[in-house]
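The values are calculated or read from the model by the stated rules, or taken from the named source; none is laboratory data. Keep in mind the model is a prediction, meaning the values are calculated, not measured. Reconstructed Cβ throughout: ideal geometry from the backbone, glycine too, with neighbour counts over all protein chains shown.
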Amino acid sequence: MTAGALIYEGKAKKIFTTAHADHVLQYFKDDATAFNAQKRGTIAEKGIINNKVSECLFRLLEQQGVPTHFVERKSDREMLTKKVAIVPVEVVVRNVVAGSLAKRLGLKEGEAIRPPIVEWYYKNDALGDPLIADEHVRLLKLATPEQLAEIKRLALKVDEILQPFFADRRMILVDFKLEFGLHNGRLILADEISPDTCRFWDAGTKESMDKDRFRKDLGRIEEAYQEVLKRVCG
Ligand code: 5GP
(Lines give C-alpha, C1' and ligand atoms only; values in the text may rest on other atoms or scores of the structure.)
Protein backbone atom coordinates (compact mmCIF):
# COMPACT_ATOMS: atom_id res chain seq x y z
CA MET A 1 0.00 0.00 0.00
CA THR A 2 1.31 3.51 -0.74
CA ALA A 3 1.95 5.42 2.41
CA GLY A 4 1.44 9.20 2.45
CA ALA A 5 3.25 11.72 4.63
CA LEU A 6 5.01 10.68 7.81
CA ILE A 7 2.90 12.02 10.71
CA TYR A 8 4.85 10.59 13.62
CA GLU A 9 7.88 8.44 14.28
CA GLY A 10 8.11 6.65 17.62
CA LYS A 11 10.65 4.19 18.98
CA ALA A 12 9.06 1.11 17.39
CA LYS A 13 6.60 2.48 14.80
CA LYS A 14 6.04 5.10 12.13
CA ILE A 15 2.61 6.51 11.33
CA PHE A 16 1.72 7.71 7.82
CA THR A 17 -1.30 9.44 6.30
CA THR A 18 -3.31 7.52 3.68
CA ALA A 19 -5.66 8.53 0.86
CA HIS A 20 -8.54 8.06 3.32
CA ALA A 21 -8.70 10.99 5.82
CA ASP A 22 -10.04 8.75 8.61
CA HIS A 23 -7.31 6.11 8.29
CA VAL A 24 -3.57 6.03 9.03
CA LEU A 25 -0.91 3.42 8.30
CA GLN A 26 1.16 2.01 11.19
CA TYR A 27 4.58 0.73 10.08
CA PHE A 28 6.25 -1.64 12.56
CA LYS A 29 10.05 -1.33 12.87
CA ASP A 30 12.62 -3.80 14.25
CA ASP A 31 14.13 -1.10 16.49
CA ALA A 32 14.01 -1.88 20.20
CA THR A 33 14.57 0.50 23.08
CA ALA A 34 14.36 0.09 26.85
CA PHE A 35 14.81 2.18 29.99
CA ASN A 36 13.48 5.37 28.36
CA ALA A 37 15.63 4.77 25.24
CA GLN A 38 18.93 4.50 27.17
CA LYS A 39 19.29 0.97 25.77
CA ARG A 40 18.90 0.57 22.02
CA GLY A 41 19.08 -2.35 19.60
CA THR A 42 17.22 -4.26 16.93
CA ILE A 43 15.31 -7.51 17.12
CA ALA A 44 15.23 -9.27 13.73
CA GLU A 45 11.68 -9.48 12.28
CA LYS A 46 10.18 -7.95 15.44
CA GLY A 47 8.14 -5.51 13.34
CA ILE A 48 6.60 -8.34 11.32
CA ILE A 49 5.81 -10.37 14.45
CA ASN A 50 4.33 -7.44 16.40
CA ASN A 51 2.16 -6.47 13.42
CA LYS A 52 0.77 -10.00 13.10
CA VAL A 53 0.35 -10.61 16.85
CA SER A 54 -1.44 -7.25 17.20
CA GLU A 55 -3.73 -8.16 14.30
CA CYS A 56 -4.70 -11.50 15.89
CA LEU A 57 -5.34 -9.91 19.29
CA PHE A 58 -7.26 -6.89 17.93
CA ARG A 59 -9.49 -9.27 15.91
CA LEU A 60 -10.15 -11.36 19.03
CA LEU A 61 -10.97 -8.29 21.13
CA GLU A 62 -13.26 -6.82 18.44
CA GLN A 63 -15.15 -10.15 18.28
CA GLN A 64 -15.64 -9.92 22.05
CA GLY A 65 -16.97 -6.35 21.91
CA VAL A 66 -13.89 -4.22 22.62
CA PRO A 67 -13.67 -1.35 20.10
CA THR A 68 -10.19 -1.04 18.54
CA HIS A 69 -8.51 1.08 15.89
CA PHE A 70 -7.69 -2.01 13.76
CA VAL A 71 -8.96 -1.88 10.16
CA GLU A 72 -6.78 -4.28 8.15
CA ARG A 73 -3.23 -5.67 7.99
CA LYS A 74 -1.85 -4.42 4.70
CA SER A 75 1.54 -6.14 4.55
CA ASP A 76 4.13 -7.79 6.76
CA ARG A 77 4.96 -4.52 8.50
CA GLU A 78 1.93 -2.30 7.73
CA MET A 79 -1.40 -2.09 9.55
CA LEU A 80 -4.24 0.20 8.48
CA THR A 81 -5.91 1.78 11.51
CA LYS A 82 -8.53 4.39 12.33
CA LYS A 83 -7.06 7.83 12.93
CA VAL A 84 -7.39 8.67 16.63
CA ALA A 85 -6.28 11.36 19.05
CA ILE A 86 -4.17 9.36 21.50
CA VAL A 87 -4.97 9.90 25.18
CA PRO A 88 -1.49 10.56 26.65
CA VAL A 89 -1.94 8.02 29.43
CA GLU A 90 -0.24 4.60 29.33
CA VAL A 91 -2.61 2.10 30.92
CA VAL A 92 -0.88 -0.84 32.65
CA VAL A 93 -2.86 -3.87 33.83
CA ARG A 94 -1.10 -6.28 36.21
CA ASN A 95 -2.01 -9.88 37.04
CA VAL A 96 1.33 -10.95 38.53
CA VAL A 97 4.00 -8.91 40.34
CA ALA A 98 6.91 -8.03 38.02
CA GLY A 99 8.94 -5.15 36.61
CA SER A 100 8.52 -1.66 38.06
CA LEU A 101 5.82 -2.77 40.52
CA ALA A 102 8.20 -5.24 42.21
CA LYS A 103 10.95 -2.60 42.32
CA ARG A 104 8.82 0.34 43.47
CA LEU A 105 6.96 -1.45 46.27
CA GLY A 106 9.53 -4.11 47.22
CA LEU A 107 7.19 -6.96 46.27
CA LYS A 108 8.32 -10.45 45.26
CA GLU A 109 8.20 -11.15 41.49
CA GLY A 110 5.73 -13.87 40.56
CA GLU A 111 3.07 -13.27 43.27
CA ALA A 112 -0.46 -13.31 41.81
CA ILE A 113 -2.42 -10.06 42.01
CA ARG A 114 -6.13 -10.68 42.61
CA PRO A 115 -8.10 -8.72 41.52
CA PRO A 116 -5.81 -7.28 38.83
CA ILE A 117 -4.66 -3.68 39.23
CA VAL A 118 -4.78 -0.88 36.69
CA GLU A 119 -2.19 1.92 36.77
CA TRP A 120 -1.78 5.18 34.87
CA TYR A 121 1.54 6.47 33.53
CA TYR A 122 1.87 9.95 32.01
CA LYS A 123 3.01 9.41 28.40
CA ASN A 124 5.86 11.90 28.43
CA ASP A 125 9.38 10.83 27.38
CA ALA A 126 11.03 13.95 28.84
CA LEU A 127 9.65 13.02 32.28
CA GLY A 128 10.31 9.27 31.82
CA ASP A 129 6.59 8.27 31.76
CA PRO A 130 5.91 8.76 35.52
CA LEU A 131 3.27 6.82 37.47
CA ILE A 132 0.33 9.14 38.17
CA ALA A 133 -2.95 9.08 40.11
CA ASP A 134 -6.48 9.81 38.86
CA GLU A 135 -6.16 13.33 40.30
CA HIS A 136 -3.04 13.99 38.21
CA VAL A 137 -4.89 12.88 35.07
CA ARG A 138 -7.52 15.49 35.92
CA LEU A 139 -4.94 18.16 36.87
CA LEU A 140 -3.06 17.67 33.59
CA LYS A 141 -6.41 17.49 31.69
CA LEU A 142 -5.28 14.23 30.03
CA ALA A 143 -8.82 12.74 30.25
CA THR A 144 -12.07 13.49 32.05
CA PRO A 145 -13.09 11.36 35.06
CA GLU A 146 -15.79 9.77 32.86
CA GLN A 147 -13.24 8.93 30.16
CA LEU A 148 -10.88 7.49 32.77
CA ALA A 149 -13.65 5.27 34.14
CA GLU A 150 -14.40 4.02 30.62
CA ILE A 151 -10.69 3.37 29.96
CA LYS A 152 -10.48 1.35 33.20
CA ARG A 153 -13.59 -0.66 32.29
CA LEU A 154 -12.20 -1.45 28.82
CA ALA A 155 -8.71 -2.29 30.16
CA LEU A 156 -10.17 -4.82 32.63
CA LYS A 157 -12.36 -6.27 29.89
CA VAL A 158 -9.26 -6.73 27.70
CA ASP A 159 -7.59 -8.54 30.62
CA GLU A 160 -10.65 -10.79 31.13
CA ILE A 161 -10.52 -11.79 27.45
CA LEU A 162 -6.76 -12.14 27.10
CA GLN A 163 -5.93 -14.03 30.31
CA PRO A 164 -7.82 -17.23 29.38
CA PHE A 165 -6.75 -16.85 25.72
CA PHE A 166 -3.08 -16.94 26.75
CA ALA A 167 -3.65 -19.64 29.39
CA ASP A 168 -5.01 -21.87 26.60
CA ARG A 169 -1.69 -21.28 24.83
CA ARG A 170 0.39 -22.26 27.89
CA MET A 171 1.30 -18.64 28.62
CA ILE A 172 0.84 -16.46 31.71
CA LEU A 173 -0.22 -12.89 30.92
CA VAL A 174 1.81 -11.16 33.65
CA ASP A 175 1.10 -7.54 32.73
CA PHE A 176 0.58 -5.32 29.70
CA LYS A 177 0.40 -1.72 28.56
CA LEU A 178 -2.50 -0.31 26.53
CA GLU A 179 -3.09 3.02 24.83
CA PHE A 180 -6.50 4.43 23.99
CA GLY A 181 -7.54 7.04 21.45
CA LEU A 182 -10.57 9.18 20.75
CA HIS A 183 -12.36 8.47 17.47
CA ASN A 184 -15.49 10.49 16.74
CA GLY A 185 -15.78 11.20 20.47
CA ARG A 186 -15.56 7.51 21.39
CA LEU A 187 -12.70 5.81 23.26
CA ILE A 188 -11.16 2.92 21.32
CA LEU A 189 -8.13 0.72 21.91
CA ALA A 190 -5.13 1.90 19.84
CA ASP A 191 -1.36 1.34 19.46
CA GLU A 192 -0.32 -2.36 19.53
CA ILE A 193 -0.53 -5.45 21.74
CA SER A 194 2.63 -7.47 21.31
CA PRO A 195 5.66 -8.97 23.08
CA ASP A 196 6.97 -5.37 23.18
CA THR A 197 4.05 -4.18 25.30
CA CYS A 198 3.18 -7.26 27.39
CA ARG A 199 4.96 -9.62 29.76
CA PHE A 200 4.32 -13.26 28.91
CA TRP A 201 5.81 -16.17 30.87
CA ASP A 202 5.76 -19.72 29.61
CA ALA A 203 3.27 -21.52 31.90
CA GLY A 204 5.61 -24.48 32.40
CA THR A 205 9.11 -23.02 32.67
CA LYS A 206 8.07 -19.45 33.73
CA GLU A 207 10.63 -18.17 31.20
CA SER A 208 10.08 -14.68 29.74
CA MET A 209 8.72 -14.68 26.18
CA ASP A 210 8.75 -10.90 25.64
CA LYS A 211 10.84 -7.73 25.61
CA ASP A 212 12.26 -8.54 29.06
CA ARG A 213 14.64 -10.87 27.16
CA PHE A 214 16.04 -7.72 25.50
CA ARG A 215 15.82 -5.50 28.62
CA LYS A 216 17.64 -8.07 30.79
CA ASP A 217 20.00 -9.54 28.12
CA LEU A 218 18.50 -13.00 28.51
CA GLY A 219 19.34 -14.12 24.94
CA ARG A 220 17.17 -16.07 22.45
CA ILE A 221 15.04 -12.92 21.91
CA GLU A 222 14.03 -13.60 18.28
CA GLU A 223 13.18 -17.20 19.16
CA ALA A 224 10.84 -16.03 21.95
CA TYR A 225 9.05 -13.53 19.68
CA GLN A 226 8.61 -16.22 16.98
CA GLU A 227 7.20 -18.61 19.59
CA VAL A 228 4.66 -15.97 20.73
CA LEU A 229 3.55 -15.52 17.10
CA LYS A 230 3.15 -19.26 16.68
CA ARG A 231 1.11 -19.68 19.87
CA VAL A 232 -1.07 -16.57 19.36
CA CYS A 233 -1.80 -16.70 15.62
CA GLY A 234 -1.21 -20.43 15.14
P1 5GP B 1 6.67 -1.93 34.04
O2 5GP B 1 5.94 -0.72 34.60
O3 5GP B 1 6.70 -3.08 34.97
O4 5GP B 1 8.02 -1.55 33.50
O5 5GP B 1 5.83 -2.38 32.75
C6 5GP B 1 4.56 -2.96 32.89
C7 5GP B 1 4.09 -3.49 31.54
O8 5GP B 1 3.81 -2.41 30.65
C9 5GP B 1 5.11 -4.36 30.82
O10 5GP B 1 4.40 -5.39 30.14
C11 5GP B 1 5.77 -3.43 29.82
O12 5GP B 1 6.18 -4.13 28.67
C13 5GP B 1 4.65 -2.45 29.51
N14 5GP B 1 5.15 -1.07 29.34
C15 5GP B 1 5.22 -0.10 30.26
N16 5GP B 1 5.71 1.03 29.75
C17 5GP B 1 5.96 0.79 28.47
C18 5GP B 1 6.50 1.57 27.39
O19 5GP B 1 6.82 2.77 27.52
N20 5GP B 1 6.64 0.94 26.20
C21 5GP B 1 6.29 -0.36 26.03
N22 5GP B 1 6.46 -0.91 24.82
N23 5GP B 1 5.77 -1.12 27.00
C24 5GP B 1 5.61 -0.56 28.21
When the residues of the stretch 25-66 are narrowed to those that are hydroxyl-bearing (S, T, Y) and in a strand (DSSP E or B), which ends up nearest to K83 (Cα to Cα)? Y27
Sole exception among (1) buried (at least 16 other Cβ atoms within 10 Å of the Cβ); (2) of a type in the set (A, V, I, L, M); (3) in a loop (DSSP other than H, G, I, E, B); (4) in contact with a helix residue (DSSP H, G or I) (Cβ under 7 Å, 6 or more places away or on another chain) for L142, by number: (4)
List the strands (runs of 3 or more DSSP E) inside the stretch 148-227, counting only whole elements, that have at least 1 residues being within 12 Å of the ligand (Cβ to nearest atom) and either out of contact with any Leu (no Cβ under 8 Å at 6 or more places or on another chain) or charged (D, E, K, R) (or both). 171-183, 198-202
So if I check each of K13, K39, K46, which one is within 16 Å of the ligand (Cβ to nearest atom), surrounded by fewer than 18 Cβ atoms within 10 Å (Cβ to Cβ) and of a type in the set (K, R)? K39
Can you say whether V137 is assigned to a helix (DSSP H, G or I) and free of Cβ contacts under 8 Å to residues at least 60 places away in the same chain, as far as the supplied structure shows? yes
Report the residue count in the stretch 1-24 for those that are hydrophobic (A, V, I, L, M, F, W, C) and part of a loop (DSSP other than H, G, I, E, B). 6
Matching option when the condition is touching a Gly at 6+ places or on another chain (Cβ under 7 Å) and either at positive phi or of a type outside the set (A, V, I, L, M) (or both), among R94, R73, R138, R77: R77
Leading residue by the ranking (nearest to L173 (Cα to Cα)) among those in the stretch 123-134 that are within 11 Å of the ligand (Cβ to nearest atom) and either touching a Cys at 6+ places or on another chain (Cβ under 6 Å) or not in a loop (DSSP other than H, G, I, E, B) (or both): L131
Does any residue of the stretch 53-63 turn out to be at pLDDT 95 or above and over 18 Å from L229 (Cβ atoms)? yes
Consider the stretch 67-77. How many of its residues are surrounded by fewer than 17 Cβ atoms within 10 Å (Cβ to Cβ) and either of a type in the set (V, I, T) or not in a loop (DSSP other than H, G, I, E, B) (or both)? 1
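Rundown of residues vs (1) within 12 Å of the ligand (Cβ to nearest atom); (2) surrounded by 18 or more Cβ atoms within 10 Å (Cβ to Cβ); (3) outside any strand (DSSP E or B), yes/no style:
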{"position": "V91", "(1), (2), (3)": "yes, yes, no"}
{"position": "K103", "(1), (2), (3)": "yes, no, yes"}
{"position": "K108", "(1), (2), (3)": "no, no, yes"}
{"position": "P115", "(1), (2), (3)": "no, no, no"}
{"position": "W120", "(1), (2), (3)": "yes, yes, no"}
{"position": "E146", "(1), (2), (3)": "no, no, yes"}
Of those in the stretch 179-228 that are surrounded by fewer than 20 Cβ atoms within 10 Å (Cβ to Cβ) and of a type in the set (A, V, I, L, M), the residue nearest to the chain's Cα centre (by Cα) is I188
